[in-house]
Amino acid sequence: ALEAAGTLIYDVDVLPQRLGFDVNAMIWLTTAPPHLESVGRQIAAHAEIASVAAISGRNNLMAIAICRDVDHLYRYLSGTFAAVAHVQTYDLSIRAQRLKQTASLISRGRLIHARS
């Protein structure tokens with residue numbers, strides 16, 4: 001009954017690397033303000049995108065892409081991502097190592113509980 005009412009939900013914290021997704025990249029995008037919401041929603045719908053946020057500064061959108069390898073990232077950027085209209089510019093930074101994920105710590109490639 002709690003699940004059916006939406007009172008009880010489940011959230012699983014998984015390391016993407018354990019599922020074969022070894023490349024994690026941040027994409028900093030610039031789009032004209034009238035297109036901010038539509039571009040953000042289009043990109044958020046892509047399977048490779050974990051999250052998208054509107055930000056302030058030179059870039060006004062930031063997205064996190066999770067891919068299997070650099071070839072997968074390249075195919076995504078040159079295919080699905082490139083097809084999104086109204087992206088004026090973007091910068092990319094690939095994360096070399098993840099030390100923390102959402103409220104969890106990572107030690108030797110495993111999620112561990114944070115100490116209180």
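Just so it is clear, none of the values below were taken in a lab; they were calculated from the coordinates. Fair warning: this is a prediction, and the values are worked out from it, not measured in the lab. Positions of Cβ are generated from backbone atoms using ideal geometry, with glycine treated the same way; all protein chains shown enter the neighbour counts.
Taking the simple approach of a point 7 Å from Cα along Cα-to-Cβ for both R68 and A47, what is their distance in nm?
Modelled inter-label distance: 0.9 nm.
Multiply the residue separation of L36 and D22 by 0.36 nm, subtract the distance between their alpha-carbon atoms, and state the gained length in nm to one decimal. Walk me through the intermediate numbers first.
Details: separation 14, 0.36 × 14 = 5.04 nm, distance 2.90 nm.
Taking 0.36 nm per residue and subtracting the Cα distance, the gain is 2.1 nm.
Taking R0 as 35 Å, what's the FRET efficiency between R75 and I55 from their Cβ-Cβ distance, rounded to 0.05?
Details: r = 26 Å, r/R0 = 0.74.
After rounding to 0.05, the efficiency reads 0.85.
Taking the convex hull of the alpha carbon atoms in region 33-72, what volume per residue do you get, in Å³? Walk me through the intermediate numbers first.
Values: hull volume 3.0 nm³, N = 40.
So the per-residue hull volume is 76 Å³.
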